[in-house]
1. What is the set of long-range amide H partners of ILE97 at a cut-off below 5 Å, with H atoms built 1.01 Å from backbone N?
2. Taking H placed 1.01 Å from N in the peptide plane, check which residues at least 5 places from TRP207 or on another chain put their amide H under 5 Å from its amide H.
3. Order of LEU249, LEU101 from fewest to most other C-beta atoms within 10 Å?
4. At each listed q (0.17, 0.19, 0.20 Å⁻¹), what is the log10 of I(q)/I(0) that the Debye formula gives for segment 220-294 modelled as equal alpha-carbon point scatterers?
5. Kindly provide the helix-only [θ] at 222 nm of the chain, computed as the sum of -39,500 (n - 2.57) over DSSP H runs of four or more divided by all residues, to the nearest 500 deg cm²/dmol?
6. Please report LYS23, LYS356 as a ranked list, fewest other C-beta atoms within 10 angstrom at the top and most at the bottom.
7. Can you tell me the relative contact order of the chain? Whole percent, Cα pairs under 8 Å, sequence separation 6 or more.
8. Once you have the Kirkwood Rh of segment 165-342 from its Cα pairs, apply Stokes-Einstein at 37 °C and 0.692 mPa s and quote D in µm²/s.
Amino acid sequence: MRIGLVIYGRITTISGGYLYDRKLVDFLRGQGDEVEIVSIPWQGYGRSLLHNFSHTLYERLRRTNFDLLLQDELNHPSLFWLNRRLKRQVLYPIVSIVHHLRCSEQRPAWLNRVYRAVERPYLNSVDGFVFNSQTTRRVVETLAGERPYTVATPAGNQFNPQIDDETILARAHEPGPLRIVFVGNLIPRKGLHTLLAALARLPREMWRLDVVGNTAVSPTYTQSIQQQINTIAGKTASIHTPITLHGVLPDEELAQLLARSQVLVVPSSYEGFGIVYLEGMGFGLPAIAGSGGAAHEIVSKGVDGFLVDDGETAVLSQHIRTLHQNRDQLAAMSLAARQRYLTHPTWEQSMARVHKFLHRDWRCEIGD
């Protein structure tokens, strides 16, 4: 089967969505499918709308002899009208990989109405969907109705952590400050500012924080984060700060950091799924996640982690205090987190589900 995949930029970009796309491409190629990456340059939301009028992009998609065209839904501003033109000229089905909708993120209501006005016609222009969570499926169906779909959740076994219960229990009971790790690009949606505000309410000897993520995605936000850190550190020398900004780490170094941490905290305002929570659970790390989106499909509140509403710094602060002071509870939640990871489908199992869906008979679906 010859499959096209439309993405912005490079498929090696570091994010959960691009990781999903990479895993899918690798699996499809491993099954004998031919996959061609169609890369569109990201030029900002407004300018990307002009791609719908690009003769070069239109002709490339029209003239290529695909059996099926995949599109990452992130590309919706470039395709919402182009798809309608394209479907009058091609025989292949168009399937959208939906990680989460832009109009689901936390922002002013008027702006989400603008995004919704573009996303809805895009969603209605495709023949089927690959969803990363049941939450994403429900949101899309509310906005655009039903189409053929499959739900194939991301997995957390990228690092394939080898850790036993004895090690997890011993780590949880190690004395000293609670070792917290945050993993995510430094953008407002990931909620690092909320975590820092929560930590500022606690004694500094109670916690240590390691932050892993790309600091260049949003320079303005990164600057505000650095100001928060400076405020927490006070006027003392920076070597005394309990916060370390690592930037992007190689997988091996990130795995080592996760293995020696005690809890993962990423209080996102919205996650279409939240791969990082599962990845942390693989190392026996309870996850403190944002309640917006699909994190509740991974995290069981009070069992293997906690869920906090957007901006709930006092609640987040109390959860951190609890895990620091009650190491037996931390140990129990750490074991539960590891068990949650072990029962989740692997990347291979999830991508096999997508492979089966893409190889269905689409002849009766095209044009519905």
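No value in this document is a laboratory result; all are computed from the given coordinates. What you see is a predicted model; the values in this text were computed from it and never measured. In this analysis, Cβ positions are derived from the backbone assuming ideal geometry, glycine residues included, and neighbour counts consider all displayed protein chains.
1. GLN71, ASP72, GLU73, VAL130
2. When sequence neighbours closer than 5 places are left aside, the close amide H contacts are LEU178.
3. Going from least to most buried by this count: LEU249, LEU101.
4. -0.86, -1.02, -1.08
5. After summing the helix terms and dividing by the residues of the chain, the value is -12500 deg cm²/dmol.
6. The fewest-first ordering by Cβ neighbours comes to LYS356, LYS23.
7. With pairs under 8 Å counted, the relative contact order is 17 percent.
8. Translational diffusion coefficient: 206 µm²/s.
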